Amino acid sequence: MTASRTTRIVAAASLAALALAACGNDGEPTPSTSTNPPPVVTEPTTDASPTDEPSASPEPSSDAPTDTPAPEEPTDAPAFGPAGTAQSAEPSGDLLLPVGLRVGDHEGFDRVVVELAGEGVPGWQVEYVEEAIEDGRGERVDVDGEAILAVSVSGTRYPDEGEEHYVPGEPLEGPDVIDEVHYLGTFEGLTQLFIGVDDGPADYRVFTLADPARLVIDIADPED
């Protein structure tokens, strides 16, 4: 056998082997050897279907604002005056009807508030007295305390028939420096109160507030 014939036989065998390999793979592609991960396919999202049960309402916040009463501490409240000096002012506007009375304890003083209905500003005459005498009848009133502060609210009136108003009754007990407050009612346009003060005369101040109209009497408590 010659060299050229041998070369042709080897070439033919190689071609036959390649043909058999192609037939053995049935035409399927050779798997990729790439190390890159396959792409991620995200399914499209749809809106959730409504449910029959409504969602629960959120609990109200504890920081939510609440209704509060009108403040009784103006930024321009006067200074406390000496105990031995009377304080007074004239009323203006319509006559006012007393509709409420309250006593409170504040830092450094006790407070008496007379609330009035109507359009206007009450007047007042306030001073310490030796004894409490009721206007009109002239009778003496027993007031607990070492000192008596007499309060006369001017520019006030009697109630009309069926009109709500503050009615005299038992004295109000004071919280600290005030022992008690006696409200005697209205006589000839003046509404009378007596405030029993513990430990003798103390400095005080008087002023008015609006919406609603109020007369405020503060009595200093140096031990508070």
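Rule-based calculations on the coordinates, nothing more; no lab input. Just so it is clear, the structure is predicted and the values come from calculations on it, not from any experiment. Ideal geometry is used to build each Cβ from the backbone, glycine not excepted, and the neighbour counts take in all protein chains shown.
Fewest neighbouring Cβ atoms within 10 Å first, the residues H165, H106, H182 line up as H106, H165, H182. In plain terms, the residue of R102, R205, R140 with the fewest other Cβ atoms within 10 Å comes first and the most crowded comes last, giving R140, R102, R205. A simple rule links phi to the HN-Hα coupling: the Karplus curve 6.51 cos²θ - 1.76 cosθ + 1.60 with θ = phi - 60°, which for the stretch 166-177 gives 7, 9, x, x, 5, x, 7, 6, x, x, 8, 5 Hz, with x for Gly and Pro.
Here the relative contact order of the stretch 131-224, from alpha carbon pairs under 8 Å that lie six or more residues apart, stands at 29 percent. Listed values for the stretch 117-126 are Karplus-derived 3J(HN,Hα) couplings in whole Hz (6.51 cos²θ - 1.76 cosθ + 1.60, θ = phi - 60°), namely 9, x, 9, x, 10, x, x, 7, 9, 10, and x replaces Gly and Pro. For the stretch 148-154, the Karplus equation 6.51 cos²θ - 1.76 cosθ + 1.60, evaluated at θ = phi - 60°, returns couplings of 10, 9, 8, 10, 10, 8, 9 Hz by residue, with Gly and Pro reported as x. Annotation: amide H-H contacts under 5 Å for G174 (H modelled 1.01 Å from N, sequence separation of 5 or more, or interchain): E180, V181.
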